[in-house]
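**Q** Have a look at the structure that comes next, please.
The values are calculated or read from the model by the stated rules, or taken from the named source; none is laboratory data. Keep in mind that this is a model prediction, so the values were computed, not measured. Note that each Cβ is placed from the backbone with ideal geometry, even for glycine, and that neighbours are counted across all protein chains shown.
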Amino acid sequence: MLGALALVAFFVFLGGLVFKVSSWFRCSLRREREGFKRFVLGFSSLGKALFSPKIGIILKVLILNGILQRRTLKESPYRWLMHVLIYWAFVLLIITHALGKLLFEGYVSTALPYVFLRDLFGSMVLVGLGMAIWRRIRKTPPLRTSRMDLYALIAVLIIVFSGFLLKGAKIISYKNYLRMIDQYASLGSEEESKALEAYWVKRMGLVSLREVEESLVAKGEEIHQFQCAPCHTNSRWAFVSYGLSRALVPLASGFERVNFTEKLWWVHIAICLIALAILPFTKFLHLISVPLSLVINALWDPKRSHPLNLKTKQMIELDACVHCGSCTLKCAVLGAERVLGNIRILPSEKIEPLKRLVSKRGLSQRELEGILQGVYLCTNCLRCTVSCPSGINLQELWFEAREALFERGLSEPALLSPFSFYRGLRAEELGEGYERPILEIKGKLYRRFGLKDSVLRIPEERGFELYERSLMGCFACQTCTNVCPVVSQYERPEEVLGFLPHQIMRLCLLGFKEAVYGSEMLLSCLTCYKCQEACPQGVTVTDILMGLKMEALKAVKEERDEIRFVSGV
Amino acid sequence: MRYALFLGCNIPARLPEYETSAKFLLKELGVDFTEIEGFGCCGYPFKVIDLTTSLVLSAKNLALAERENRDILSLCQCCYGTLKKAKKMIDEDPSLRNRIKEFLKAEGLNYEGKVEVKHLLHVLYKDLDLERIREKVSNPLSHIKVATHYGCHALRPSSIVELDDPSNPRVLEELITLTGAQSLLVNRRLECCGAPLLGTNDEVALNFTREKITDALKHEADHLCVACPYCKLQLENFQERLFGKRVLSTILITDLINMALGLQKAL
């Protein structure tokens, strides 16, 4: 029965795994998927690497970063200890306990060393879990706990705790004792049976329904040595379960009435098998995806690796994220998410929506814009990538995600900020798709604020708190425009740039701020501060231009919000 | 004087050689500097996205340096200009300061305005004794001609950055002369490199880059000396696209001095 159930669970797991692995080829951030080609290419690349000197790198990475968790140790010794306690001990539990019967000849769960190892490893897992829960309760500021994080913690906790409880209940269970006597012991007389029982009650933690005599213990021990000891080491070796069983003594008769041990055994088994069956769809997939990500990234050569493999690599990487928060702790713009109210700015919070983006589930318009802003407000400092214990090239993931979202027709005002520097450095790789989103967001700005459509109306308030005072000194001498290196590039600058700096200052002073939002001058300002430096009246010209650009970009962003609100999406 | 070395985002990711050579030089000159865990974005790219965000990020870095009782030593001019401007704004406006401090409090930080912000050029030129550097020159670079590129935020707005005369600066030229190299006074030495518009208006950005390089070539410069990662990346990376090949070597001021000091192999 158990074997059949285990097989079913295993096949469900295998099926899920095949589905998940196929999704690494089927899905892509970008529109072009080319699943079959990627499948063939991916496996042939992997095969080639396995049968080449690169196998050395693969083994090194698997041992150092996989088994020994070197990358985690580098990030935090606390987290390293926490994780290896859970990881190593749980794997050892699977080997010495769950698969004991299959792997070890003469395996007996109640004899040494197994009876001790089980409790040792189980308690190591519990300590690790305690550290993990403590870390999440203490919330190193930006650490967020997702449903999957909770599931993983609770699943392991229940598996290990139900195991301890089961062993504890078995230690005290009289029914269990009688069944064993019935099956394995051959007791000649009633006295012998009383003696053995006395020994088990006094020394092995059994709770008997009848009184036992201390005087019989010695005799009982003799019988025990002969009949039981080969399979039953002193239950105190199961140090956690034995301690737990002492607390359970008062409940012994209640347990017997409801057949507690038998039921709990099924619960323990069922949870383990269910966890196995659904593993490919839970956080535990990282047992497979993280080593893969570590190996692929160690072998990856941005210049020579096939671009189609990049898509596959990134799908694996999305599944290799364990939401540990290393990247977020190192993120250069950490803090911006609080001011701007968008948690997708944090690297660790970008993965989940990106996973949904590539899957069939998709994202709402609001979520799409949130994640686009999230991936765009990134200084490309590489720290997330360097710190990721799973070896994910996060920065490259954001880069691809940006382009993928632009490909879907989204545009982002931050494109018109210095955040675009890195994208500009890589313009040639992007080819045709490079200009389009820039033109699109500029177009939006012009349509909304372009001179043609806008009516020069006097606004109700003039709001320019920060710089207004210096602006009051402007007498339109044109020095700012005359020294502007951008203006001097053109023969007829007003045709290209719209309002020129001195005109912008003037319009601002008169209150026609919105009218200048659509002026190309704002978008072409290098912020070289020549105008501000030259202004004889001390007007902070560059700062004002920058402030206006910020307002214009914000207005474009808000406009999208309004449209969304009206259409009710 | 004690400094906290501020690398910003570009240097570790795209210009690690600047970090290496700057650290090498600072150590040789006996400068007391350290790196601070937690330094992040200076706030520069947020200036046109959201001013508060930009100021909060600046203030975070200022507060971190202040906690360690160190002045910020920036290798990047955009970081330098941004941090210095933010400091001035926050220091001079009590209500703004309170608002920023609220954000800092959530991360266990505080800012009182005790920290100074300095660019590498400021440290080399003003805080250290130039004579002491000159004495260390063991390998004068007398055979090379170097054009200067100041970088905007080393000079402007002068009321904020206060490094040198914005219309007739001497810092770079003096440092170059110190290495024994010939410093060329090129026409466009005070112009922008174009980097701020890269990615948003490549036409204008690359026009500036092209003119800058053409100007240096016209003066027969062997190298174009820079002191900012943005300028270096901009002036180095687009030569192929603009001229068909690499036509001019851009060199970091730290590399140049290191060569003269015999710390680094000369070109």
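**Q** Name the single residue that is farthest from the other protein chains (Cβ to nearest Cβ) among those in region B:1-25 being of a type outside the set (Lys, Arg) and free of Cβ contacts under 8 Å to residues at least 24 places away in the same chain.
**A** Looking at residues that are of a type outside the set (Lys, Arg) and free of Cβ contacts under 8 Å to residues at least 24 places away in the same chain, I get B:Thr20.
**Q** Of the numbered conditions (1) among the hydrophobic types (A, V, I, L, M, F, W, C); (2) within 9 Å of chain B (Cβ to nearest Cβ); (3) part of a loop (DSSP other than H, G, I, E, B), A:Val539 satisfies every one except a single condition; which is it?
**A** The single condition A:Val539 does not satisfy is (2).
**Q** Can you tell which of B:Lys87, B:Lys136 is charged (D, E, K, R), more than 12 Å from every other protein chain (Cβ to nearest Cβ), more than 18 Å from B:Glu191 (Cα to Cα) and within 19 Å of the chain's Cα centre (by Cα)?
**A** Exactly one residue qualifies, and that residue is B:Lys87.
**Q** Any idea how many residues of region A:381-425 are within 18 Å of B:Pro12 (Cα to Cα), under 20 Å from the mean Cα position of the chain (by Cα) and hydroxyl-bearing (Ser, Thr, Tyr)?
**A** Total meeting the criteria: 2.
**Q** Any idea which residue in region A:426-443 is farthest from B:Asn10 (Cα to Cα), counting only those that are within 8 Å of another protein chain (Cβ to nearest Cβ) and either touching a helix residue (DSSP H, G or I) at 6+ places or on another chain (Cβ under 6 Å) or crowded, with 23+ Cβ neighbours inside 10 Å (or both)?
**A** Step by step, filter region A:426-443, then rank; the result is A:Ile438.
**Q** Tell me, please, whether a residue that is modelled with pLDDT of 95 or more, part of a helix (DSSP H, G or I) and within 9 Å of chain A (Cβ to nearest Cβ) can be found in region B:215-231.
**A** Checked against the condition, which is being modelled with pLDDT of 95 or more, part of a helix (DSSP H, G or I) and within 9 Å of chain A (Cβ to nearest Cβ), region B:215-231 yields at least one hit.
**Q** Kindly check whether there is at least one residue in region B:181-199 that is under 30 Å from A:Glu412 (Cβ atoms) and more than 20 Å from the chain's Cα centre (by Cα).
**A** yes
**Q** A follow-up question, please. I want to confirm something. Restricting to region A:552-564 and keeping residues that are surrounded by 19 or more Cβ atoms within 10 Å (Cβ to Cβ) and more than 7 Å from chain B (Cβ to nearest Cβ), which single residue is modelled with the highest pLDDT?
**A** Among those that are surrounded by 19 or more Cβ atoms within 10 Å (Cβ to Cβ) and more than 7 Å from chain B (Cβ to nearest Cβ), it is A:Ala552.
**Q** For B:Thr214, indicate whether it is among the hydroxyl-bearing types (Ser, Thr, Tyr) and crowded, with 23+ Cβ neighbours inside 10 Å.
**A** Criteria not met by B:Thr214.
**Q** Then there's this: Counting only residues that are hydrophobic (A, V, I, L, M, F, W, C), more than 9 Å from chain A (Cβ to nearest Cβ) and closer than 21 Å to A:Met521 by Cβ, how many does region B:194-214 have?
**A** 1
**Q** Can you tell me which residue in region A:101-147 is nearest to A:Glu337 (Cα to Cα), limited to those that are among the small types (Gly, Ala, Ser) and touching a helix residue (DSSP H, G or I) at 6+ places or on another chain (Cβ under 6 Å)?
**A** Per the stated criteria, the residue is A:Ala132.
**Q** If A:Arg402 satisfies every condition in (1) closer than 22 Å to A:Lys313 by Cα; (2) charged (D, E, K, R); (3) surrounded by fewer than 21 Cβ atoms within 10 Å (Cβ to Cβ) but one, which is the exception?
**A** (3) is the only condition that A:Arg402 fails.
**Q** Residues in region A:344-367 that are touching a residue at least 24 places away in the same chain (Cβ under 8 Å), outside any loop (DSSP other than H, G, I, E, B) and surrounded by fewer than 17 Cβ atoms within 10 Å (Cβ to Cβ): how many?
**A** Residues flagged as touching a residue at least 24 places away in the same chain (Cβ under 8 Å), outside any loop (DSSP other than H, G, I, E, B) and surrounded by fewer than 17 Cβ atoms within 10 Å (Cβ to Cβ) within region A:344-367 amount to 3.
**Q** Have a look at B:Arg210, B:Arg188, B:Arg132 and point out the one that is assigned to a helix (DSSP H, G or I) and without any contact (Cβ under 8 Å) to a residue 40 or more places away in the chain.
**A** The conditions single out B:Arg210.
**Q** Give me a count of the residues in region A:52-70 that are surrounded by fewer than 14 Cβ atoms within 10 Å (Cβ to Cβ) and part of a loop (DSSP other than H, G, I, E, B).
**A** Residues in region A:52-70 being surrounded by fewer than 14 Cβ atoms within 10 Å (Cβ to Cβ) and part of a loop (DSSP other than H, G, I, E, B): 2 in total.
**Q** Small (Gly, Ala, Ser) and either away from chain A (no Cβ under 12 Å) or closer than 24 Å to B:Gly30 by Cβ (or both), is that true of B:Ala106?
**A** Here the answer is no, as B:Ala106 does not meet what is asked.
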